[in-house]
1. Using Cα pairs closer than 8 Å and at least 6 residues apart in sequence, work out the relative contact order for the chain, in percent.
2. Anyone know which of Asp230, Asp147, Asp104 comes out most mobile in the 10 Å Cα GNM of the chain?
3. Using Stokes-Einstein with the Kirkwood hydrodynamic radius over Cα pairs, what translational diffusion coefficient do you get for segment 2-61 at 37 °C and a viscosity of 0.692 mPa s, in µm²/s rounded to a whole number?
4. By how many nm would the segment from Asp61 to Asp147 grow when fully extended, if each residue of separation counts as 0.36 nm and the alpha-carbon distance is taken off?
5. What's the FRET efficiency of Phe205 with Lys254 using the Cβ-Cβ distance as r and R₀ = 51 Å, to the nearest 0.05?
6. What fraction of the Cα pairs in the chain, stated in percent, has a spacing above 27 angstrom?
7. Sort Ser163, Ser118 by accessible area with a 1.4 Å probe, largest first.
8. Give me the percent of DSSP beta bridges within the chain that run antiparallel, rounded to the nearest 5.
Amino acid sequence: METGRIIKLVSGVYQVDVEGKLYDTKPRGLFRKKKFSPIVGDIVDFDIQNIDEGYIHHVHDRRNALKRPPVSNIDGLIIVMSAVEPNFSTQLLDRFLVIAHSYDLAPSILVTKKDLASEAQIEHIESLLTNYQSIGYNTQFVGKDSDKSDVVASWPNGLVVLSGQSGVGKSTFINTFNPELNLETNDISKSLNRGKHTTRHVELFERENGFIADTPGFSALDFDHIEKDDLKHYFIDIDNYGEQCKFRNCNHIKEPQCNVKQQLDEGHLPQFRYDHYLQLFNEISNRKVRY
């Protein structure tokens, strides 16, 4: 029996890495009966058959796992946005941050394509990023000719996942980090201001201190697992200010003696952050019940 990490899943075949040696494996039928599927990032036990093939018998407990894209045992989540093509959006960024925190992950922010942005756009984005830095997020703003070693040095050891829209430069960034991968990239759809999907599956690539994952771009973000009363905990700044609210269950909407609203009025909480919280709170409140 061998133990390794699933690094790729294509057409029902799980590629497992054991200290650099790769095995094509399939899960035993018992997983189907349990309605449980291994995912990329899982640590698994499998038996070897035909030299480089095998069958998965056991999946070790996951430390954490993303639902979309499905990947587990993540040590660092990097939310990748672009300055332009597609344009930088704090609303979309905040939604990614909420998803990350809902899965108990500590995200960092990487903004790409600085070289394609105008001076005014760069100045605007940098001013917005200072808000996220003050909350405690690690933020980086890079262009085509930026020193990627500074970016990589800030990443934790282990499995790092790059996540974000299509077209923001995830695959391009990994190609720069490791040109031998030669991942497929594509142009931006001018009419939609978003990228065409080039990554079609989750795959882990070896790096100096672990693995890096390129994931399919998102066309939609799923908040079905988040309850409206929990949302405030996933806006870190709002959650911190909320500790001083009079009522413990305050959702910072119309409740009396709300410290979050007070901080907003005094200019300590950025208006756009509260607006995004309110928009998402209303979306979750108004969603239809699924049976």
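1. Rounded, it is 14 percent for the chain.
2. Result for the chain, Cα springs under 10 Å: Asp147 fluctuates most.
3. The diffusion coefficient I find is 294 µm²/s.
4. Fully extending the segment from Asp61 to Asp147 adds 27.2 nm.
5. Details: r = 49 Å, r/R0 = 0.95.
After rounding, the FRET efficiency stands at 0.55.
6. So the pairs more than 27 Å apart make up 47 percent of the total in the chain.
7. Working: Ser163 5, Ser118 50 Å².
So, going from the largest accessible area down, we get Ser118, Ser163.
8. 55 percent
The values are calculated or read from the model by the stated rules, or taken from the named source; none is laboratory data. Please read all numbers here as calculations on a predicted model, not as lab measurements. Using ideal geometry, Cβ is built from the backbone for each residue, glycine included, and neighbour counts are taken over all protein chains shown. All accessible areas refer to the heavy atoms of the entire protein, side chains included, with ligands and DNA or RNA removed. Shrake-Rupley method; radii C 1.70, N 1.55, O 1.52, S 1.80 Å.
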